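**Student:** I'd like to ask some things about the structure below.
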Amino acid sequence: MSKAIVSSFNEWDPLEEVIIGTLDKVTVPFLSHEMKVFIRKEYWDFYKKYGGQPYPKEFVEKGVKALNNLEKVLEAEGVKVRRPEPVRFDPDKRVTTPHYESTGFFNADVRDILLIVGDTIIEAPMAQRCRAFEYLGYQDLILEYFKSGAKWLCAPKGSKSSELYDYEYPEEDMALFRGEPISDTNVSVFNGRFITTEHEICFDAADFVRCGRDIFAQRSHVTNQLGIDWVRSILEPTYKVHNIKFRDPSPVHIDATWLPIGEGKVLSCPDRVCISEDMLALFKNSGWEIFYPPPGEAKAEFHMSSRWLSMNILMLDPERVVVEKDELATIKFFKKIGIKPILVDFKDHYMFGGGIHCATADVRRRGELKSYFNN
Ligand code: DAV
């Protein structure tokens with residue numbers, strides 16, 4: 001039995017240790033070009049006005065409380081929770097690189113940055129300029145894990161120069177909010193066009209989900225094919241990294257679209273179904289069942305996400321799931337399929353773009369590396 005502190009191969013083995021991010025010194029991102037696919041249009045004026053400044057205090061206080069609620073619930077379930085050190089740098093400060101100027105954004109959605117595969121922590125380069133330095137908030141914690149025996153890899157950070165972004169990307173195709181049904185099939189993404197180009201490697205860790213020896217990755221606005229190819233080059237031949245595609249006009253992060261919840265069970269967002277024939281065949285031929293959860297219904301602010309944060313859940317083990325307490329339909333759905341919902345008051349974090357899965361990174365799950373597919 002492995003005693004490694006960092007050891008996590010899938011999304012559902014019994015959870016023993018987890019990182020929850022922080023909203024410490026969260027800063028309103030500038031409405032830069034690449035953020036326009038991410039922020040809902042009705043909030044563009046807010047981001048134009050406040051970009052680079054701290055978020056209004058009352059939003060932050062509520063968001064912090066939501067993260068603390070999650071910490072308490074997980075601890076009560078016997079999970080060891082780690083939080084990053086307080087941010088020591090000044091995220092309000094404008095960062096100047098040889099290619100751009102920006103400010104920091106936030107640290108809460110640790111899933112976006114850290115891809116943990118087995119005993120290896122991979123730091124993602126991130127695609128959005130305002131998130132390029134977010135990794136700084138996790139350095140102490142990762143160093144500690146490194147000293148305890150974990151492997152630590154940093155993906156090529158790239159330059160995030162203007163060549164990485166498609167400045168001609170049509171505005172009418174931006175932030176087609178992910179998850180809301182769309183009738184027009186002629187949107188840019190369906191023709192293989194994204195806000196990021198293939199100029200250099202870029203990815204967010206949250207575009208990857210882990211199922212033992214098989215890892216599924218989507219090309220999105222924040223993860224390009226070079227990013228997926230880099231992860232594949234690092235993890236092969238122990239792991240297979242598959243490209244998977246969904247009918248999503250504005251893909252950013254896979255974990256409110258396609259989320260494995262146990263051996264042979266995956267949640268699929270009904271508004272953005274899988275359109276990769278080969279992947280559907282792989283799941284089917286390996287005996288996997290696809291579950292379609294109901295839409296989210298919590299009353300919350302959604303600045304940069306769809307309402308499908310309801311399915312952005314965290315499995316404690318194959319029998320227990322952490323769900324937002326107001327997502328009543330989702331709670332009912334899990335009960336119906338025999339999974340016990342553990343409730344948390346979390347919706348005030350939604351406005352920062354993430355759900356429960358986003359705000360966490362599972363450091364250790366009790367279990368071994370296995371294959372769940374007939375490849
Ligand atoms: O449905 O808007 C949310 C995931 C963000 N980390 C969505 C995707």
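The values are calculated or read from the model by the stated rules, or taken from the named source; none is laboratory data. Keep in mind that this is a model prediction, so the values were computed, not measured. Don't worry about glycine lacking a Cβ; one is built from the backbone with ideal geometry, like all the others, and counts go over all protein chains shown.
**Student:** With the condition being among the basic types (Lys, Arg), I'd like the helices (runs of 4 or more DSSP H) fully within region 44-162 carrying at least 2 qualifying residues.
**Tutor:** Working: elements: 44-50, 57-76, 139-147.
Helices (runs of 4 or more DSSP H) meeting the threshold: 44-50, 57-76.
**Student:** For residues in region 203-239 being among the aliphatic types (A, V, I, L, M), within 16 Å of the ligand (Cβ to nearest atom) and touching a residue at least 60 places away in the same chain (Cβ under 8 Å), which is nearest to Arg365 (Cα to Cα)?
**Tutor:** Applying the filter and picking the extreme gives Val209.
**Student:** Could you tell me whether region 277-284 includes any residue that is surrounded by 21 or more Cβ atoms within 10 Å (Cβ to Cβ), modelled with pLDDT of 95 or more and within 16 Å of the ligand (Cβ to nearest atom)?
**Tutor:** No, region 277-284 contains no residue that is surrounded by 21 or more Cβ atoms within 10 Å (Cβ to Cβ), modelled with pLDDT of 95 or more and within 16 Å of the ligand (Cβ to nearest atom).
**Student:** I'd like to check something: does region 33-45 contain any residue that is without any contact (Cβ under 8 Å) to a residue 40 or more places away in the chain and either touching a Phe, Trp or Tyr at 6+ places or on another chain (Cβ under 7 Å) or aromatic (Phe, Trp, Tyr) (or both)?
**Tutor:** yes
**Student:** Among the residues of region 314-335, count how many are assigned to a loop (DSSP other than H, G, I, E, B) and within 15 Å of the ligand (Cβ to nearest atom).
**Tutor:** The number of residues fulfilling the criteria is 1.
**Student:** Related question: Take the residues in region 249-275 that are surrounded by fewer than 24 Cβ atoms within 10 Å (Cβ to Cβ) and of a type in the set (Asp, Glu); name whichever of them is nearest to the ligand (Cβ to nearest atom).
**Tutor:** Among those residues, the one meeting the criterion is Asp271.
**Student:** Here's another thing I want to ask about it. Do the conditions hold for Phe346, that is, is it surrounded by fewer than 23 Cβ atoms within 10 Å (Cβ to Cβ), more than 23 Å from Phe373 (Cα to Cα), at pLDDT 95 or above and among the aromatic types (Phe, Trp, Tyr)?
**Tutor:** Spelling it out, it is not the case that Phe346 is surrounded by fewer than 23 Cβ atoms within 10 Å (Cβ to Cβ), more than 23 Å from Phe373 (Cα to Cα), at pLDDT 95 or above and among the aromatic types (Phe, Trp, Tyr).
**Student:** Filter region 292-313 down to residues that are over 19 Å from Lys62 (Cβ atoms) and within 13 Å of the ligand (Cβ to nearest atom) and give me whichever is surrounded by the fewest Cβ atoms within 10 Å (Cβ to Cβ).
**Tutor:** It comes out as Pro295.
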